[in-house]
Structures are given as structure tokens and as C-alpha cells.
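Novice: Have a look at the structure that comes next, please.
The values are calculated or read from the model by the stated rules, or taken from the named source; none is laboratory data. On a predicted model such as this, the values are computed, not experimentally measured, just so you know. Here the Cβ positions follow ideal geometry from the backbone for every residue, glycine too, while neighbour counts run over all protein chains shown.
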Amino acid sequence: GAGVSQTPSNKVTEKGKYVELRCDPISGHTALYWYRQSLGQGPEFLIYFQGTGAADDSGLPNDRFFAVRPEGSVSTLKIQRTERGDSAVYLCASSIYAREANEQFFGPGTRLTVL
Amino acid sequence: AQKVTQAQTEISVVEKEDVTLDCVYETRDTTYYLFWYKQPPSGELVFLIRRNSFDEQNEISGRYSWNFQKSTSSFNFTITASQVVDSAVYFCALKTGANNLFFGTGTRLTVIP
């Protein structure tokens, strides 16, 4: 079956611009997670959804970052007024539902470069 | 607070050698899960194994084996008879009551033919 997909695979933007990153989870997975991975680091948690609601957004670095999942499937991570420090790979993961034991399946990521 | 330490930043081995990747974790929770993921050059994280805090049995899967020791808060990963396809960055991760994964900084393994 299809895995987690993310679009675009690469995004280059200029400082101050707005970007949207999309994630399509595995069909039937109710939990969806966003992580950010900087060069040479492990992924860092941003936000997770259980269904349509953001159950935990404690990892979002500031109010320029926002994510939605209006129908409980596809999610969009939105970054306003991008800064060079936002450059990273943004990873999306999904699991069948949000529970400690459940492994998360990751997408290939979107590499964001802010010039 | 949760923390995962992978002290080995990079390891190089010659093909067919065995290699062990270290992982030390910190948490105050009594119930938690430990994971290993592989990130090949393509970038996609691949799930390898999950272990819960109540199960200290070692696990073997083909050339891979994992040693979980609560006494030392370690969850080490050994690859036996390494192959070039094992070259990747390996991440150890911890999940507690929160649903997000706490990742270590990863160990880059290079297997030289």
C-alpha cells in the first residue's frame, strides 16, 4: 500500500515569504505528526494531530508556524514570514492512532531552503 | 525531561565486520517505548524495532540484534556481518506518555567494501 507522501519534495523560497508543506498520511491512520530535521541532527517534534484536532503543538517554535488537518487526513504545515533559520527538512509521520506503542511511519520529507 | 544520547557521531567499518551502535536514554516515566530508525541516503526514516520498558528480552532479527538494559538505561543495536547497504544514519528514539518521539542525534554508519 501507499506510504506517507509529502509535497513538494523541495521548496526554495526567499526570506519573508509564506510557504505551505503538504502531507498525505497512510490511509486509515488517525494520528499525524510533523517533525523538523536540521542538518546533522535528529528530527524534532513540532505538532501532532489526532483526527482533525491538534492534540499537542508544543513543539512549534513560534507563531509563524501553523498546521491544519481539516478533514482528518491530509495536513498542511504553514510557515509565515520565513527566515533563513527555518531551512531544514520537514518530516511528516502517521500512525494508526496516537498511542505510545505505535510506530510512526515517516514520509520522505520536504527540504525547505530559505534564501 | 526526556533525553536520548547517541555518543557515536560516525562509525566506519569494513564489510563483514560486526558493529554496535550505542543509545542511552533518560526519562522519569516508568512506562516508555524505545525505537530504532534507519535513515538511508534517500532520507526516508525506516522503522526497525520497538521495545517497551517492561520487556528486557534481547531481540534478534536476521543480522540485527538489540540489547535493552534498564539498569544502564541503554538500548544498543548490533549489526552482524555488516554490508554496504547498511550504510545509513541510525536514530534511537524514546516515546513516553507524550505521543511524539524524542530522537537522538544519530550515528552515521559507513560500511566500506
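Novice: Given the condition among the hydroxyl-bearing types (Ser, Thr, Tyr), closer than 28 Å to A:Arg111 by Cβ and at pLDDT 95 or above, answer yes or no: does some residue in the range B:34-53 qualify?
Specialist: yes
Novice: Let me ask something additional. Mind checking which residues of the range B:98-109 are buried (at least 20 other Cβ atoms within 10 Å of the Cβ), at pLDDT 95 or above and more than 7 Å from chain A (Cβ to nearest Cβ)?
Specialist: B:Thr107, B:Leu109
Novice: Which numbered condition in (1) under 15 Å from the mean Cα position of the chain (by Cα); (2) within 14 Å of chain A (Cβ to nearest Cβ); (3) β-branched (Val, Ile, Thr) is the only one that B:Thr30 fails?
Specialist: It fails just one condition, (1).
Novice: Residue check, B:Thr20 against (1) β-branched (Val, Ile, Thr); (2) modelled with pLDDT of 90 or more; (3) closer than 27 Å to A:Gly109 by Cα, all met but one. Which one?
Specialist: Failed condition: (3).
Novice: Still on this structure, I have one more. For the range B:2-17, enumerate the residues that are closer than 22 Å to A:Gly40 by Cβ and either at pLDDT 95 or above or more than 12 Å from chain A (Cβ to nearest Cβ) (or both).
Specialist: Of everything in the range B:2-17, those that are closer than 22 Å to A:Gly40 by Cβ and either at pLDDT 95 or above or more than 12 Å from chain A (Cβ to nearest Cβ) (or both) turn out to be B:Val4, B:Thr5, B:Gln6, B:Ala7, B:Gln8, B:Thr9, B:Glu10, B:Ile11, B:Ser12, B:Val13.
Novice: Right, something else. Hey, can you tell me all the residues within the range A:47-62 that are assigned to a loop (DSSP other than H, G, I, E, B) and small (Gly, Ala, Ser)?
Specialist: Passing the criteria: A:Gly51, A:Ser58, A:Gly59.
Novice: Which residues, taken from the range B:33-62, are at the interface with another protein chain (Cβ under 8 Å from one of its Cβ atoms), crowded, with 17+ Cβ neighbours inside 10 Å and within 17 Å of A:Arg36 (Cα to Cα)?
Specialist: B:Tyr37, B:Glu44, B:Leu45
Novice: Continuing with the same structure: Name every residue in the range B:77-97 that is within 14 Å of chain A (Cβ to nearest Cβ) and either without any contact (Cβ under 8 Å) to a residue 60 or more places away in the chain or not small (Gly, Ala, Ser) (or both), in order of residue number.
Specialist: B:Ala88, B:Val89, B:Tyr90, B:Phe91, B:Cys92, B:Leu94, B:Lys95, B:Thr96 - these are the residues of the range B:77-97 that are within 14 Å of chain A (Cβ to nearest Cβ) and either without any contact (Cβ under 8 Å) to a residue 60 or more places away in the chain or not small (Gly, Ala, Ser) (or both).
Novice: Among the numbered criteria (1) under 30 Å from B:Ala7 (Cβ atoms); (2) surrounded by fewer than 18 Cβ atoms within 10 Å (Cβ to Cβ); (3) at pLDDT 95 or above, which one does A:Trp34 miss?
Specialist: (2)
Novice: Moving on to the next point. If A:Gly53 satisfies all but one of (1) at pLDDT 95 or above; (2) at negative phi; (3) more than 11 Å from chain B (Cβ to nearest Cβ), what's the number of the condition it fails?
Specialist: Status for A:Gly53: all satisfied but (1).
Novice: If you don't mind, there's one more thing I want to ask. If you go through the range A:10-46 one residue at a time, how many are under 25 Å from B:Tyr90 (Cβ atoms) and part of a strand (DSSP E or B)?
Specialist: So the answer is 12.
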